[in-house]
Amino acid sequence: MGKEESPQIERRSTRHSSATISKNEAGTKSNEPLPPTVNDLFYGEEEKPISLDDVVSSFPGRRIQIIELMRVLGPVNCPMVPLFIYGDSSTGKTSITLQIFRHLNRPFVYSSCLTCYSPRILFESILNQLLLHRKSMANSYLSAKRCERPSDFVNFLREALISITSNLQGNSGKSGSKKLDRRASGNMIYLIFDNLERVREWDKSSIMLPFLLNLYDILKMPEVGLIFISNTSPDTYYSSMGYAEPTPVYFPDYKEDDLRQIFVKNQENKKLYSSFLDVVLKPFYRITRRVDELSTAFSQLYKKYCEPLSDLGVVPNEEMKRRLFSNLQPHIAPSMNEIFKVSSQPSTDIGATKEAKQKSSSKKSGLEVTDQLDLHMSTSAKYLLISAFLASRNPATLDASLFDSTGGSDSRKRKRKPSEKTSEQKEAAEQELLMKGPGTFPLERLLAIFQCITSVAEGSLEEEEQGSDGLRVQVGDNSLMSDVLLQLSSLCNANFIVKGVSCPLEGSTRYRSTICEDMALKVARSLKFPLSKYLYRR
């Protein structure tokens with residue numbers, strides 16, 4: 001009982017390390033947490049303000065986006081239209097937004113549609129923060145307001161916003177405390193909705209997205225700013241209801257030099273880690289550009305890279321770099337496969353597999369090694385590439401017949417001898433298709449074909465020997481369907497698949513395969529997949 005309990009950490013400190021700490025940490029010894037105040041709506045410690053240069057230096061390659069966000073937010077008490085921040089995962093959208101609010105010293109309410117997985121939880125989370133209400137044993141862990149309907153939420157939200165803005169305006173007029181002067185940075189309040197794309201997963205009635213996007217017009221309060229953060233572009237949020245078009249700010253994927261600065265920044269031996277990145281960054285950059293995934297992979301590989309060293313503070317020379325690379329090389333390919341969650345053979349069996357392949361290929365007379373690809377690609381990425389090729393070349397109306405339970409064999413038996421007129425029409429259609437090029441397809445069709453061909457491939461993979469392929473897919477494993485969107489993004493970055501223009505009516509992006517038939521056949525042969533069986537011939 002002699003030890004004092006550590007003070008309760010604020011709600012945002014669980015998500016961000018630099019969250020506010022209770023200002024009575026040293027003097028208060030009570031077990032009861034302090035009641036929330038207006039200061040809880042701010043981010044960062046009061047005694048340590050952060051400058052704009054600190055924000056820019058903390059996020060390499062994001063200077064343009066930071067300056068753009070500062071411009072859109074504007075000066076103090078400046079009304080703003082809704083802001084829409086979008087980009088792929090792990091591009092710094094949320095972290096940069098919160099750090100900018102820490103620099104500007106402005107109050108905000110943060111809610112994630114990932115943790116708030118229902119309308120009631122989302123509504124009550126926002127109201128609890130605005131009403132300065134914290135769930136505890138004293139209030140039986142109940143919310144300040146019970147709210148399930150959007151209409152009730154608007155009424156409660158308007159009352160809470162009027163109260164909090166008047167409170168902020170009253171604090172701005174007080175000059176007795178320096179901390180209050182610092183905290184009184186205008187009377188605007190900002191509502192931040194993170195992971196907006198997650199709303200589609202739990203909103204079965206499809207009314208939440210239009211409601212949130214129309215919230216600015218519904219409230220009609222210039223003291224309120226709305227900020228939406230999403231992994232998908234604004235084109236995917238088209239609705240039949242009109243709403244004020246938000247200002248988009250795009251966060252692109254990190255470039256290779258930006259990732260190098262991010263990983264080298266907090267390393268003790270920067271020269272040693274830079275030599276490590278010279279080996280692993282370029283091949284991993286072709287697969288993924290997410291900082292979280294690269295950090296997980298690099299942490300294990302860096303330990304393998306430093307195993308021959310007794311002193312981690314040494315500056316490596318060329319001879320040492322070659323020795324460290326030879327120790328790391330067998331572990332690179334398995335680690336790249338783990339990013340896609342595709343099982344691979346141990347590194348000790350790679351040499352035996354290569355010898356078996358060379359022996360089998362030498363027995364084939366008159367055939368060179370045409371089935372081997374000159375690039376590294378996981379098994380699931382190959383199946384996804386084949387699916388995109390089939391979706392671009394085959395008419396969508398024939399998917400049901402080509403991917404039926406019999407594999408399309410019955411449809412071939414029903415073919416009759418075409419007449420001369422039918423042959424001419426087919427030739428004209430083939431010439432027209434040749435002029436148009438590969439067609440576009442939505443993401444839903446790509447995933448449907450991907451699931452069909454991978455389920456068909458399970459039967460042949462059961463009969464395949466374990467040493468016949470370095471990337472063998474286990475039957476019954478759902479690894480082929482894991483993180484398909486990330487693999488699709490990697491194939492788009494490699495220009496194997498290109499994105500088309502989003503359709504306002506469908507509300508989804510369309511894709512098109514750019515690989516030729518020879519390339520598709522080469523990928524199919526490496527998987528022993530019968531591509532010609534599923535390719536429609538006119």
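Quick one: Cα centre-to-centre distance for the stretch 81-119 and the stretch 513-533, in angstrom?
Using only Cα atoms to place each centre, the spacing works out to 43 Å.
Roughly how many debye, to the nearest 20, is the charge dipole of the stretch 189-260 about its Cα centre, given +1 on each Lys and Arg Cβ, -1 on each Asp and Glu Cβ, and no other charges?
260 debye
With label points built 7 Å along Cα→Cβ from the Cα atoms of Ser206 and Thr232, find their separation and express it in nm.
1.2 nm
Beta carbons within 10 angstrom, averaged per residue: use that to sort the peptides 36-43, 289-296, highest first.
Order by mean packing, descending: 36-43, 289-296.
Report the gain in length on full extension from Phe325 to Cys516: 0.36 nm times residue separation, minus Cα-Cα distance, nm rounded to one decimal.
That works out to 65.2 nm of additional length.
Show me 232-238, 376-382 ranked by packing, highest mean number of other Cβ atoms within 10 Å first.
Per-residue mean Cβ counts within 10 Å order the peptides as 376-382, 232-238.
Sort 106-118, 208-220 for me by packing, meaning the mean count of neighbouring Cβ atoms within 10 Å per residue, highest on top.
Descending packing order for the listed peptides: 106-118, 208-220.
Please list 3J(HN,Hα) in residue order for the stretch 137-152, calculated via the Karplus relation 6.51 cos²θ - 1.76 cosθ + 1.60 where θ = phi - 60°; whole Hz, with x for glycine and proline.
Going residue by residue, I get 5, 5, 9, 6, 6, 9, 7, 5, 9, 8, 9, 10, 9, x, 5, 5 Hz, with x marking Gly and Pro.
Express in whole angstrom the spacing between the alpha-carbon centres of the stretch 136-150 and the stretch 375-389.
49 Å
Past 19 Å, Cα to Cα, is the threshold; run Lys93/Lys204; Lys382/Lys522; Lys135/Lys220; Lys93/Lys255 against it and keep the listed order.
Distance filter (> 19 Å) returns Lys93/Lys204; Lys135/Lys220.
To the nearest 20 Debye, how big is the dipole of the stretch 213-312 about its Cα centre, given +1 on the beta carbon of each Lys and Arg and -1 on that of each Asp and Glu?
In total the dipole reaches around 380 debye.
Please give me the summed charge of the neighbours of Ile332: other residues whose Cβ is under 13 Å from its Cβ, Lys and Arg +1, Asp and Glu -1.
Summing Lys/Arg as +1 and Asp/Glu as -1 gives +1.
Amide H to amide H, which residues 5 or more places from Ala244 or on other chains are under 5 Å from it, using H placed in the peptide plane?
Asp217
Bear in mind these aren't lab numbers, they're just calculated from the coordinates by the rules spelled out. None of these values were measured; they are calculated from a predicted model. Cβ sites come from the backbone with ideal geometry, for glycine too, and all protein chains shown count toward neighbours.
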